[in-house]
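The values are calculated or read from the model by the stated rules, or taken from the named source; none is laboratory data. Bear in mind the structure is a predicted one, so any value in this text is a computation, not a measurement. Virtual Cβ from ideal backbone geometry, glycine too; neighbours counted across all protein chains shown. Just so you know, the surface numbers come from the protein's heavy atoms only, side chains and all, with ligands and any DNA or RNA stripped out. Shrake-Rupley method; radii C 1.70, N 1.55, O 1.52, S 1.80 Å.
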Amino acid sequence: MEDQWVVVGLDNGGNKNNATVLEPSGRFLVDAMVETPSRVLEGASVAVEELVRSFEGILKQTGVARERVRAVGFDSPGPASADGVISSRGSTNFAHPSWRNFDYRGALEKAMGLPVVYNNDGNAAALYAHFECFGPTAASRSSIAAIVGTGLGGGVIEKGQIVKGGAGFAGELGHVHIPMDGLLGEGQAVPPCNCGFSGDVESVASLTAIEVSLLPYWLTRYEGHELGQVDDIRQAAKLVRAYGEKGDPMARKIFEQQAMAIGRLFTIASRFTDPDAYFVGGGVAETTEEFREWFLATVRESTSLEEEQKETATFALVQHLDMAGARGAALAALESVHARG
């Protein structure tokens, strides 16, 4: 129906914004990414203006009148509070001084004149993965998602709801410590993390980990490897996935360690939340079918579950990851409208 209300989802990234529109029935009105510049590096006020443009653009593209919008779901990279206030320390994406302690959600809500529901990008993607997997039964299920990127993000979903915690930092899965025995190679040092920890999940399962510790170590074990001839270690790290897709033994060793790290995270999660599903997303999910299946199987093999849990647990990849943030943000907005009655 043309007069039916909708919600809008906005995914705010370091370079681009992505937007979608969701009907109460659960139908998304766009089936591909709709990107616009985010300009977050230019400061908070510029970024808010760009999000408003993204909002207006997606309504124009879908032919939806602004009056039909009941709420806006919005996600961004962290760190931020549960209410969308950017950390006083800023971050890689929010380095401009204007971001420190900036009420991102509140500013966007004021600019739009509509209710805005905030989540970090990992939580939004986790929520979409959950609903995509469980559909009509999502509200009675639980899941955990680990999304491998520059760092390791993700989220915890309980009965269809994002677990945020008191300060909004629940689901920071990358900084959970995991056992390193049997994961590290001979003479391989416990890897450091940007957060100051050593031996957490992100210190192994992230692009940063490949650059800082995994690739330098494995190049000493595979002398003469082509990647050792690349002058820039950062560029070499970005090439590891392509080698892994081709079955390169050294690259597979690196990704095997990453899969083991995620499996150990899931083992810990199984004792805390006992989820129905374990999702893996990120670059490892956007590869060849053979590599995806191998990686997910290695994660599953590295996850220690009780026999009863093995019978019911689902292991799956996050689908449509490029759109998962915007869609998860829209789902959170839809839930907020239903909660308000």
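Assorted remarks:
- Taking first residues from the range 226-237 that are farther than 16 Å from LEU214 by Cβ and partners that are of a type outside the set (Lys, Arg) and assigned to a helix (DSSP H, G or I), the Cβ contacts under 9 Å between residues at least 6 apart in sequence or on separate chains come to GLU226/LEU239; GLU226/TYR243; GLN229/ALA236.
- Against the test of being surrounded by fewer than 23 Cβ atoms within 10 Å (Cβ to Cβ), β-branched (Val, Ile, Thr) and not in a loop (DSSP other than H, G, I, E, B), the options THR150, THR137 yield a single qualifying residue, THR137.
- Of the strands (runs of 3 or more DSSP E) contained entirely in the range 1-118, those carrying at least 2 residues that are over 25 Å from GLY135 (Cα atoms) fall at 16-22, 35-37.
- One residue stands out in the range 300-316 among those that are open to solvent by less than 50 Å² (accessible area, probe 1.4 Å) and out of contact with any strand residue (DSSP E or B) (no Cβ under 6 Å at 6 or more places or on another chain): the one that is nearest to VAL156 (Cα to Cα), namely ALA313.
- Tally, over the range 189-206, of residues that are open to solvent by 20 Å² or more (accessible area, probe 1.4 Å) and over 22 Å from ALA80 (Cα atoms): 4
- Hits in the range 12-51 (condition: open to solvent by less than 50 Å² (accessible area, probe 1.4 Å), of a type in the set (D, E, K, R) and closer than 17 Å to ALA111 by Cβ): GLU50
- Against the conditions (1) open to solvent by 30 Å² or more (accessible area, probe 1.4 Å); (2) in contact (Cβ under 8 Å) with a residue 12 or more places away in the chain; (3) of a type in the set (Val, Ile, Thr), ILE178 satisfies every one except (1).
- Filter pass, MET112 being surrounded by fewer than 17 Cβ atoms within 10 Å (Cβ to Cβ), in contact with a strand residue (DSSP E or B) (Cβ under 7 Å, 6 or more places away or on another chain) and aliphatic (A, V, I, L, M): no
- Qualifying residue in the range 257-270 (condition: charged (D, E, K, R), at pLDDT 95 or above and over 19 Å from the mean Cα position of the chain (by Cα)): no
- Every condition in (1) assigned to a helix (DSSP H, G or I); (2) open to solvent by 60 Å² or more (accessible area, probe 1.4 Å) holds for TYR128 except the one numbered (2).
- Condition broken by GLY196, with the remaining ones in (1) modelled with pLDDT of 95 or more; (2) in a loop (DSSP other than H, G, I, E, B) satisfied: (1)
- Scanning the range 275-291 for residues that are modelled with pLDDT of 95 or more and open to solvent by 10 Å² or more (accessible area, probe 1.4 Å) returns ASP276, GLU290.
- The residue that is least open to solvent (accessible area, probe 1.4 Å), counting only those in the range 54-93 that are free of Cβ contacts under 8 Å to residues at least 24 places away in the same chain and of a type in the set (Lys, Arg), is ARG66.
- Residue among ILE254, ILE268 that is in contact with a helix residue (DSSP H, G or I) (Cβ under 6 Å, 6 or more places away or on another chain) and either outside any helix (DSSP H, G or I) or β-branched (Val, Ile, Thr) (or both): ILE254
- Among the residues making up the range 160-176, those that are modelled with pLDDT of 90 or more and within 14 Å of ALA332 (Cβ to Cβ) are GLY160, GLN161, ILE162, VAL163.
- Count - residues of the range 94-106 that are open to solvent by 30 Å² or more (accessible area, probe 1.4 Å), modelled with pLDDT of 90 or more and either of a type in the set (Ser, Thr, Tyr) or under 19 Å from ARG39 (Cβ atoms) (or both): 7
- ALA297 vs. criteria out of contact with any strand residue (DSSP E or B) (no Cβ under 8 Å at 6 or more places or on another chain) and at negative phi: yes
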